[in-house]
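*Asks:* Right, I'll just put the structure down here and ask away after.
The values are calculated or read from the model by the stated rules, or taken from the named source; none is laboratory data. Please read all numbers here as calculations on a predicted model, not as lab measurements. All Cβ positions, even for glycine, are placed from backbone atoms using ideal geometry, and neighbour counts span all protein chains on display. Remember, those area values only see protein heavy atoms, side chains included, never the ligands or the DNA or RNA. Shrake-Rupley method; radii C 1.70, N 1.55, O 1.52, S 1.80 Å.
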Amino acid sequence: MKYSANSVWENSDEYDIAIVGAGHAGCEAALACARLGFRTLLFTISVDSIALMPCNPNIGGSSKGHLVREIDALGGEMGKVIDQTFIQSKMLNQSKGPAVHSLRAQADKANYTRTMRKVLENQENLEIRQMEVTDILTENSKITGVKTYSGTVYPCRAVVLCTGTYLKARCIYGDISSNTGPNGLQAANHLTDSLKALGIKMYRFKTGTPARIDKRSIDFDKMEEQKGDKVVVPFSFTTNPEDVQIDQVSCWLTYTNPKTHEIIKNNLDRSPLYSGKIEGTGPRYCPSIEDKVVKFSDKDRHQVFIEPEGLDTNEMYVGGMSSSLPEDVQYAMYRSVPGLEHAKIVRNAYAIEYDCIDARQLKSTLEFKNIEGLFSGGQFNGSSGYEEAAAQGLIAGINAARKLQGKEGIIIDRSQGYIGVLIDDLVTKESHEPYRMMTSRAEYRLLLRQDNADLRLTKLGHEIGLIDDARYKRLLEKEKLIADEIEREEHTNVGTAKEVQDLLERYHSTPLTSGISLGDLIRRPELSYDALAPIDKERKELPADVAEQVNINIKYEGYIKRQERQVEQFKKLEKKMIPESIDYNEIQSLRIEAKQKLSQIRPASIGQASRISGVSPADISVLLVYLESRR
């Protein structure tokens with residue numbers, strides 16, 4: 001058949017699911033769909049940008065480490081890849097309670113990308129295509145395929161959008177503006193118009209990144225060395241802990257000073273952030289150095305972390321000094337920082353604007369409410385961060401596959417995981433800036449610890465089909481070991497023998513006047529499961545992760561039970577479902593604002609309705625009465 005120059009032709013290969021974008025969200029979505037047996041096509045602007053880390057060279061961090069472990073517990077890939085490619089690892093917040101402990105690992109960025117790409121390229125049912133998707137094709141509000149810039153149509157039954165920061169992206173510093181994606185890569189300039197034609201509401205958001213400095217131009221003697229943990233904890237529950245005990249590189253800490261701040265203040269008129277050249281809204285919790293200096297004018301210094309980008313490069317990331325100031329100002333402000341007096345910039349700092357969506361257009365499954373078979377994940381949903389992106393990509397991919405399986409979508413609620421908190425916040429609450437996950441957003445964070453992510457979610461991963469039987473069996477064995485040991489500790493008594501009293505004295509703990517259970521001793525703040533080993537004669541050798549769970553569950557038993565009671569009340573409201581067909585305008589006692597918000601978001605349950613901004617407790621009471629009368 002002969003085609004004219006303007007022909008649109010249909011690819012003869014058949015695919016079930018198309019993933020648009022191969023960042024951290026797209027990788028997890030594509031792997032989930034392919035592993036669940038669906039022929040999956042992953043589109044990317046450039047195969048060299050698969051799993052790219054265009055900003056900070058790390059995975060994890062406060063609350064984000066929780067997300068990575070939950071991704072792993074469900075059968076995702078991020079935790080496995082960072083375990084293979086990290087160059088430094090730390091468990092953050094160890095001086096605080098276990099609810100806020102979070103893993104954070106410095107990545108070898110190039111190696112991370114290579115390793116994830118290798119996984120994708122060798123995954124059965126998955127193909128990669130370097131091509132820009134320009135149109136989402138539908139018929140009767142149902143996905144039929146995608147069209148690319150070359151004019152090729154790829155029929156499919158579901159699409160997952162994971163476009164990250166590439167849609168109509170624009171990189172800016174000073175007077176320099178280029179219509180490119182991160183790291184100078186090609187932007188995706190055509191898909192936005194197709195999405196708007198489908199009735200999808202778009203936002204314009206902004207994020208940014210600091211300069212990269214040549215390591216050879218840094219004076220580390222003027223900085224504080226930051227070393228990794230002596231004993232590294234892996235992200236993935238499948239990684240052998242012995243395999244991650246490696247020689248680690250150091251990071252470095254320095255600070256801005258009044259001179260730095262004066263340089264910035266004197267050049268604010270040249271900052272596109274303040275001159276109006278940047279239109280997008282930036283992240284509140286990861287501000288540029290200009291924002292920090294203006295909004296926290298009472299502070300005379302801010303932390304600056306110097307972090308290596310990899311083992312085979314001299315590029316160092318200047319964490320904490322993201323900026324969009326002109327190049328000459330960047331040089332001046334960086335060189336005012338101790339240790340950076342002779343800094344040579346490899347890559348300028350810049351801000352990046354991009355198109356994303358109002359995520360309230362999505363169901364909790366991350367499927368668009370008005371377009372059947374179209375799912376969305378990652379920064380395109382108005383979030384920030386690699387970990388938030390990967391979590392959403394995994395859930396969107398799982399639910400795209402389940403849609404084709406004819407099964408109900410998976411919804412992780414706020415009491416089950418940080419992933420549930422993240423997605424519920426995105427699809428329920430109006431967001432005027434990139435959303436960042438934080439431990440403070442999780443109401444039940446004592447239950448949602450990073451250490452028990454496998455115990456919370458691996459059964460669900462097995463039910464979905466991403467966790468194999470062998471791993472599921474190991475989980476059940478771990479659960480039994482924990483339960484049996486807790487039972488033994490609670491029913492093993494010790495008396496006032498000299499060795500017991502000596503141990504208590506060593507830990508400055510109150511001496512015993514009568515017998516007491518080991519469990520009660522563990523509950524003392526100064527004692528722990530490990531500390532009692534010398535007086536616990538019947539103790540068997542247990543894996544470290546099992547011992548950790550025994551200690552936490554006994555020590556925090558009262559707090560855990562209190563949160564479990566709170567979860568019971570939460571679930572009662574989550575189980576009160578709201579019919580999709582409900583007309584809120586018919587409910588006369590609802591306030592106008594509540595009618596508008598409820599009609600727009602169309603919550604699935606009373607619980608979700610109660611979390612919508614602008615819907616009051618009184619509105620919820622009215623809604624409950626109305627639903628009861630209908631029933």
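*Asks:* List, in order, the whole-Hz ³J(HN,Hα) value for each residue of the stretch 543-553 obtained from phi through the Karplus relation with A = 6.51, B = -1.76, C = 1.60 and θ = phi - 60°; use x for Gly and Pro.
*Replies:* Result, rounded to whole Hz: x, 4, 5, 5, 4, 4, 5, 4, 4, 5, 5.
*Asks:* Suppose we keep just the alpha-carbon trace of the stretch 499-631; what are its Rg and Dmax in angstrom?
*Replies:* Here Rg and the maximum Cα pair distance are 25.6, 74 Å.
*Asks:* Among P272, L404, G208, which residue has its Cα furthest toward the positive end of the charge dipole of the chain, with +1 on Lys/Arg Cβ and -1 on Asp/Glu Cβ?
*Replies:* Going by the Cα projections, it comes out as P272.
*Asks:* Roll a 1.4 angstrom probe over the protein heavy atoms and tell me the percent of accessible area of the chain that is carbon or sulfur.
*Replies:* On the chain, the fraction of accessible area on carbon and sulfur atoms equals 47 percent.
*Asks:* Something else now. Would you grab the residues whose amide H sits under 5 Å from the one on A107? Only those 5+ places off in sequence or on another chain, please, with H modelled 1.01 Å from N.
*Replies:* N58, I59, I87
*Asks:* What accessible area per residue, rounded to a whole number of Å², is obtained for the chain using a probe radius of 1.4 Å?
*Replies:* The answer is 44 Å² per residue.
*Asks:* In the stretch 110-171, which GluC sites (Glu not before Pro) are in a loop and have at most 13 other Cβ atoms within 10 Å, using DSSP for the loop call?
*Replies:* E124, E139
*Asks:* Right, something else. Which longest uninterrupted range of the chain lacks any chymotrypsin sites (Phe, Trp or Tyr not before Pro) assigned by DSSP to a loop state (not H, G, I, E or B) and surrounded by at most 16 other Cβ atoms within 10 Å?
*Replies:* Here the longest run is 297-506.
*Asks:* Using DSSP to define loop residues, name the trypsin sites (Lys or Arg not before Pro) in the stretch 532-602 whose beta-carbon has at most 13 other beta-carbon atoms within 10 Å.
*Replies:* In loop regions of the stretch 532-602 (DSSP not H, G, I, E or B), the sparsely surrounded trypsin sites (Lys or Arg not before Pro) are K537, K540, K575.
*Asks:* I would also like to ask the following. Return the loop-located GluC sites (Glu not before Pro) in the stretch 385-448 (DSSP other than H, G, I, E, B) with at most 10 other Cβ atoms within 10 Å of their own Cβ; answer none if there are none.
*Replies:* Answer in residue order: E408.
*Asks:* I'd like the per residue volume of the convex hull spanned by the Cα atoms of the stretch 443-530, given in cubic angstrom.
*Replies:* Roughly 127 Å³ of hull volume per residue.
*Asks:* Treating the Cα atoms of the stretch 576-631 as identical point scatterers in vacuum, please give the log10 of the normalised Debye intensity I(q)/I(0) at q = 0.14 Å⁻¹, two decimals.
*Replies:* The Cα Debye sum returns log10 ratios of -0.28.
*Asks:* What are the ³J(HN,Hα) values, in whole Hz, obtained from phi via the Karplus relation 6.51 cos²θ - 1.76 cosθ + 1.60 with θ = phi - 60°, for each residue of the stretch 240-256 in sequence order, with x given for Gly and Pro?
*Replies:* 5, x, 5, 6, 9, 8, 10, 6, 9, 7, 9, 10, 9, 10, 9, 9, 6
*Asks:* Right, something else. Using only the alpha carbons, work out the radius of gyration and Dmax of the chain in angstrom.
*Replies:* Rg and Dmax of the chain, Cα atoms, are 26.3, 96 Å.
*Asks:* Under the rule of at least 5 residues apart or a separate chain, name every residue whose amide H is placed under 5 Å from the amide H of S383.
*Replies:* Y435
*Asks:* Once phi is turned into ³J(HN,Hα) by the Karplus curve 6.51 cos²θ - 1.76 cosθ + 1.60 with θ = phi - 60°, what whole-Hz value does each residue of the stretch 452-460 show in order, with x for glycine and proline?
*Replies:* 10, 4, 5, 5, 7, 10, 5, 4, 5
*Asks:* Based on the Cβ-Cβ distance of T238 and N266, what FRET efficiency does E = 1/(1 + (r/R0)^6) give at R0 = 51 Å, to the nearest 0.05?
*Replies:* E(calc), rounded to 0.05, equals 0.45.
*Asks:* Antiparallel as a % of all DSSP beta bridges within the chain, to the nearest 5?
*Replies:* Around 70 percent antiparallel, to the nearest 5.
*Asks:* Students often get this wrong, so check it: of K480/K576; K168/K344; K363/K572; K459/K555; K168/K196; K407/K597, which have C-alpha atoms separated by over 22 Å?
*Replies:* The answer is K480/K576; K168/K344; K459/K555; K407/K597.
*Asks:* A further question on this structure: Roughly how many Å is it from the Cα centre of the stretch 329-373 to that of the stretch 521-554, as a whole number?
*Replies:* 44 Å
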